[in-house]
1. Is the shape of region 108-220 best called rounded, prolate or oblate, per the rule: a/c under 1.5 gives rounded, else a/b larger than b/c gives prolate, else oblate, with a ≥ b ≥ c the square roots of the Cα gyration tensor eigenvalues?
2. Hey, can you grab everything whose amide H is under 5 Å from the amide H of VAL239? Only 5+ residues off in sequence or another chain; H modelled, so Pro and N-termini drop out.
3. Which value, in debye to the nearest 20, gives the size of the charge dipole of region 101-244 about its Cα centre, when Lys and Arg are +1 and Asp and Glu are -1 at the Cβ?
4. Across region 180-189, in residue order, what do the Karplus-derived ³J(HN,Hα) couplings come to in whole Hz, using 6.51 cos²θ - 1.76 cosθ + 1.60 with θ = phi - 60° and x for Gly and Pro?
5. Give me a comma-separated list of calculated 3J(HN,Hα) values for region 242-247, in order, Karplus coefficients 6.51, -1.76, 1.60 applied at θ = phi - 60°, integers in Hz, x for any Gly or Pro.
6. Quick one: which residues, 5+ away or cross-chain, put their amide H under 5 Å from the amide H of CYS139? H built at 1.01 Å from N.
7. Which FRET efficiency value, to the nearest 0.05, is calculated for LYS95 and ILE182 with the Förster distance at 41 angstrom and r the Cβ-Cβ distance?
8. What is the local net charge at HIS211, summed over the other residues whose Cβ is closer than 13 Å to its Cβ (Lys, Arg +1; Asp, Glu -1)?
Amino acid sequence: MAETKEPSLASHDESSTPETGAGTETKVRPELPPGMSRNQWKKLQRQKRWEETKEEYRLIKRQKKKAARERKRHNRGEEGSGTEDTNYHQQKRPKIPSQQKQTGVKIVIDCEFDELMNNKEIVSLSNQITRAYSAKRHCEYDLQLDITSFNKNLKSRFDKSVSQYKLWTNIQFQENEHLADILPSEPQERSKWIYLTADTDEVITELLPEHTYIIGGIVDKNRHKLICKKKAEELGLRVGKLPIDQFIQLNGRQVLATSHVFELCCKWFESNKDWGKAFNEVLPPRKLEKKEEKEEGKEERKEKERNEEEKGEEEESGKKMEAQGEENDEKQANS
C-alpha cells in the first residue's frame, strides 16, 4: 500500500518569485503589516496554512490510526508479539463507575503560569487537564478536582478546541480565582494544603482526608526550575513529593506531567494504597527503570571502575619495574 503523505506546513514566504533572464529566481519580500515583525508574519502564515490543510491532515491521521488498529488486531493473537509499551497502550480503560467512593481528598491544578508557556505548551497542558478529568471520571474513588486561574491563553484554547468542557461535571473551573484567593486564613487549616513538587526531600507517603494537594499546571521542559517550590514558600504552604525514588527510577527527569500526578493519586486509592503498583500502572514502561535494574547497573559500573583501576596499577607497577631494570643495567655498565 502506498504511503500516505501528510500535507507540509513548512514555512515559506507567500510572495511571487519571478524568473530573471539568467534563469534564476528573485524573491520579492512581501510588505509587512504595520507593527508586525517578519517572524510574527511567518507564524501567522503558518497558522493560516494549518487552517487550510487541517481537515486533510486529520483525515490522513485517521487513516493511519485505522491501519495501526488493523495491524494490532492481526498481531493480538500471536503470543509475545507485542512489546511492553504496546501492551501498556492496549490496556482497556475501565468503565465509568455508577457510584464513586468518597476519599475526602481535594486536588487543585494551579494554572497561574500562563505567560511562562508558549502556544505548544498551552496545548499540551489543555490535553493533560483533559486526561486528568477522564481519569477522575473512570476512577472508583472520588477526588475533588479544581482548576484555578483558568483564564487567558489556556481558557482560549479550551473555548476553541475543547468547548465540551462546559458540560463536564464534578469539576470546578475557577476563572477569576487564583490559588492565593482560595487558601484558608487559619494556619491550622492552611497546614493541610500541600504543594506537590519534585524540588523537596519531604515525601508524601499517603493522601489524607480533608487535605488538599496542589499540582503545578505548567509545561515548561524544566526551564523554570523551583518555580512551584518558590510559590509555595511565598504563600506559606507545605511542600511534598510523591515517593518516586522509593519504588521506581525514572529514565530522565524526575518531574512528572500534571496528568500523571493526578492519575497516580487516583490509582493509589484503586491499588489498595500501594504506590509501587500505582507508578507501574500509570507511567509508560519506556519512562521506567526498575530499581533492581538500576542497582545492577551501578554494580556493573563499580566493577568496571575497579577493573580499570587494577589495570592502571598493574601498568604503573610494570613501568616502575622496567625503569628499575634499566637503572640496574646502567649501573652495571658503568662499573
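All of the numbers you see were taken from the coordinates with simple rules; none came from a lab. Keep in mind the model is a prediction, meaning the values are calculated, not measured. Note that each Cβ is placed from the backbone with ideal geometry, even for glycine, and that neighbours are counted across all protein chains shown.
1. Numbers: a/c = 1.64, a/b = 1.41, b/c = 1.16.
It comes out prolate by the Cα gyration axes.
2. The answer is TYR195.
3. Working: 21 positive and 22 negative charges, 123 e Å.
Magnitude of the dipole: close to 600 debye.
4. Values, residue by residue: 4, 6, 9, 6, x, 7, 6, x, 5, 6 Hz.
5. These are the phi-based 3J(HN,Hα) values: 5, x, 4, 5, 6, 10 Hz.
6. It is none; the list stays empty.
7. Working: r = 33 Å, r/R0 = 0.80.
Plugging the Cβ-Cβ distance into 1/(1 + (r/R0)^6) gives 0.80.
8. On the way: positive: LYS106, ARG190, LYS192, ARG238; negative: GLU189, GLU206, GLU210.
With Lys, Arg at +1 and Asp, Glu at -1, the neighbours total +1.
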